[in-house]
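Novice: My questions will all concern the structure given below.
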Amino acid sequence: MSSELVRRDLLKATAASVAAAAAMVREATAQTLDPEEAERGLYPAKGLPGGGQMEVRMMVEAEHPDPDVVKLGHKVKNFNPESWLIEHTRVAEENEKRAAKALAEGLKVSAAEYFLRAAGFWRSAIIYSPEADPRMMAGYKRLKENYDKAFTLIPAPFEAVQIPFEGKMLRGFFYAARAPQGRKAPVVFNYGGADGLLMNSRADGSSGPYRARGMSFLDVDGPGQGWALRVDKIYASPDTERYAKAVVDYLVSRPDVDPERIGIHGSSMGGYTAPRACSVEKRFKACAVWSGAWALQQDIWDYYPPIRERLRWLTGAKDFEEGRKLMAEYTLEGRADKIECPLLVGYSIDDRVMDPRGALRLFKGATNASQKIMLDGVGHGKRTWEQRNTIVDWFARQLGTA
């Protein structure tokens, strides 16, 4: 099928799915681009074939309520990895000093907040750093140190857990639902993306909207992510159902989890890994993704060259040639029709990191999903509060807490 026809199909499918789900996503989908405008501007962007040749995520806008982010906005040279690392490191260290000062004055809560801020800026500093840069691992250690210090001063809002996986242990945070004590609650497992890191400057991670709706939330450094990649050398593989099975086995062993109400949310590269898991692991009762994907060799490796080093690293490939070959195995061809649970496919029509046409292929290929919708504006780039909440509300409906 020609790219022209695919683009037109994407727009038609979006319009049809929005109409079918209008009662649920009316506010979020009101921001969908005008079809003619989208047709003109999406493929290709001026001067940037495919997904572009520069790391478009390395930019900071100076208009922000946080003065440290404003400072970064004026200091960071956009799309410049060295500037990105240096300036974020500077701000991280400034917050470490503020934390030490607050702690010396006996202000434990303020100190904890500064430690978390420092951790957050360390996280940002190294998030795109390659394996070969020694500052990456040094920064990761500083991230963990600050994060751990914060929770020696204030209670953690999560339970730190370990999940058995093929002879090793994966680290995770379990955020319990705001539900009556003794009642089993549904849970959503977040399958992160290529840049996934468990520790976050927000103490509640992304769990708050889920917990407020009576759902628990599980975040994990899985294969190819965070601690598992950097310390334990657990690399990602295309058959993500192996990892998903270990996670579900753990969840159903918990007395506070309803085994009949487990959902999975895929972020970024998780737009492939979560649906792939659902094609085999039938204990998932709902699946929602942002930046839905079909075949990662085309949808991210070829589309967005700046991320190739990260993909090479997380798969354990020795070089780009091997990395691209491995990416060919990350496909839902012949598998998408095995997905049976309800499916929400998020994407952004102007996504510069993952090809939104992959989301359309996923949507079309999941012919046996019990229900499915597409939602624009939840790919890479700015995702609004309304659109984020639309996904959480969707999970609440599917898992019975709405």
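Taken together, the values in this text are just the output of simple stated rules run on the coordinates, not laboratory data. Note that the coordinates shown come from a computational prediction; the quantities given were computed from them, not determined experimentally. Note: ideal-geometry Cβ built from the backbone for every residue, glycine included; neighbour counts use all protein chains shown.
Novice: If I stretch the segment between Val252 and Ala160 completely, what's the gain in nm (0.36 nm per residue apart, minus their alpha carbon distance), one decimal?
Specialist: Fully extending the segment from Val252 to Ala160 adds 31.4 nm.
Novice: Regarding region 67-153, what is the average projected area of its C-alpha convex hull, in nm²?
Specialist: If you wrap the Cα atoms of region 67-153 in a convex hull and average its projections, you get 5.4 nm².
Novice: So how do Ser268, Ser83 line up by other beta-carbon neighbours within 10 Å, fewest first?
Specialist: Ranked by crowding around the Cβ, least crowded first: Ser83, Ser268.
Novice: Right, another one. For region 159-398, give me the percentage of DSSP beta bridges that are antiparallel, rounded to the nearest 5 percent.
Specialist: Around 35 percent of the beta bridges assigned by DSSP in region 159-398 are antiparallel ones.
Novice: Under a plain spin-label model, where a point goes 7 Å from the Cα along Cα-to-Cβ, how far apart in nm are Glu61 and Arg183?
Specialist: 3.9 nm
Novice: If you don't mind, there's one more thing I want to ask. Enumerate the amide H contacts of Ile349 below 5 Å, restricted to partners 5 or more residues apart or on another chain; note that Pro and chain-start residues carry no placed amide H.
Specialist: Gly377
Novice: Another question, if that's okay. Work out the charge dipole of region 277-402 with +1 on the Cβ of Lys and Arg and -1 on the Cβ of Asp and Glu about the Cα centre, then indicate which of Val289, Cys341, Gly365 is farthest towards its positive end.
Specialist: Cys341
Novice: Given R₀ = 25 Å, what would the calculated FRET efficiency be for His74 paired with Ala104, taking r from the Cβ atoms and rounding to 0.05?
Specialist: Efficiency at R0 = 25 Å is approximately 0.25.
Novice: While we're on this one: Please build a GNM for the chain, connecting alpha carbons under 10 Å apart, and tell me which residue among Thr152, Thr367, Thr315 fluctuates the most.
Specialist: Thr152
Novice: Could I ask something else about it? Suppose a student asked you for the relative contact order of region 193-295, using Cα pairs under 8 Å spaced at least 6 residues apart; what percent would you report?
Specialist: 23 percent
Novice: Gly263's amide H: which non-local residues (gap 5+, or another chain) put their own amide H closer than 5 Å, with H modeled 1.01 Å from N in plane and none for Pro or chain starts?
Specialist: It is Val187, Val188, Phe189, Lys285, by chain and number.
Novice: Roughly how many Å is it from the Cα centre of region 242-293 to that of region 305-329, as a whole number?
Specialist: Cα centroid to Cα centroid, the span is 24 Å.
Novice: Give, rounded to the nearest 20 debye, the magnitude of the charge dipole that the chain has about its Cα centre when Lys and Arg contribute +1 at Cβ and Asp and Glu contribute -1 at Cβ.
Specialist: 680 debye
Novice: Okay, next question. Rounded to whole Hz and in sequence order, give me ³J(HN,Hα) for region 207-223 from the Karplus expression 6.51 cos²θ - 1.76 cosθ + 1.60, θ = phi - 60°, writing x for Gly and Pro.
Specialist: Taking θ as phi minus 60°, the curve returns 7, x, x, 6, 4, 5, 9, x, 10, 7, 9, 10, 10, 9, 7, x, x Hz for region 207-223.
Novice: Give me the lysines in straight-line cross-link reach of Lys141: C-alpha distance below 18 Å, same-chain residues under 8 apart excluded.
Specialist: Lys97, Lys149, Lys233
Novice: Pick from Gln162, Gln371, Gln181: which is most flexible by mean-square fluctuation in a GNM of the chain where alpha carbon atoms under 10 Å apart are linked?
Specialist: Gln181
Novice: In terms of Cα to Cα distance under 20 Å, which lysines are near enough to Lys285, apart from those fewer than 8 places away along the same chain?
Specialist: Lys184, Lys245, Lys338, Lys364, Lys372
Novice: Then there is this: For region 297-306, take each phi angle, set θ = phi - 60°, evaluate the Karplus expression 6.51 cos²θ - 1.76 cosθ + 1.60, and give the result in whole Hz per residue in order, putting x for glycine and proline.
Specialist: For region 297-306, the Karplus-derived couplings read 4, 7, 6, 9, 4, 6, 6, 9, x, x Hz, x marking Gly and Pro.
Novice: With a cut-off of 8 Å between alpha carbons and a minimum separation of six or more residues, what is the relative contact order of the chain in percent?
Specialist: 15 percent
Novice: So how much slack lies between Asp302 and Glu260, counting 0.36 nm per residue of separation and subtracting their Cα-Cα distance, in nm?
Specialist: Going from the current span to full extension adds 11.3 nm.
Novice: Quick one: Arg183, Arg352, fewest Cβ neighbours within 10 Å first, how do they rank?
Specialist: In increasing order of surrounding Cβ atoms, one gets Arg183, Arg352.
Novice: Using θ = phi - 60° and the Karplus form 6.51 cos²θ - 1.76 cosθ + 1.60, what ³J(HN,Hα) does each residue of region 279-284 get, whole Hz, x for Gly and Pro?
Specialist: Karplus-based 3J(HN,Hα) across region 279-284 equals 5, 10, 7, 7, 6, 6 Hz.
Novice: Next up: Antiparallel as a % of all DSSP beta bridges within the chain, to the nearest 5?
Specialist: 35 percent
Novice: Another question about this same structure. Compute the length gained on full extension between Asp204 and Glu321: take 0.36 nm times their separation in residues and subtract their Cα-Cα distance, giving the result in nm to one decimal.
Specialist: Extra length available between Asp204 and Glu321 comes to 38.2 nm.
Novice: Report the semi-axes of the equivalent ellipsoid for the chain in whole Å, largest first, where each axis is √(5λ) for an eigenvalue λ of the Cα gyration tensor.
Specialist: Square roots of five times the eigenvalues give 31, 26, 21 Å.
Novice: A further question on this structure: Taking H placed 1.01 Å from N in the peptide plane, check which residues at least 5 places from Met215 or on another chain put their amide H under 5 Å from its amide H.
Specialist: So Met215 has HN proximity to Arg178.
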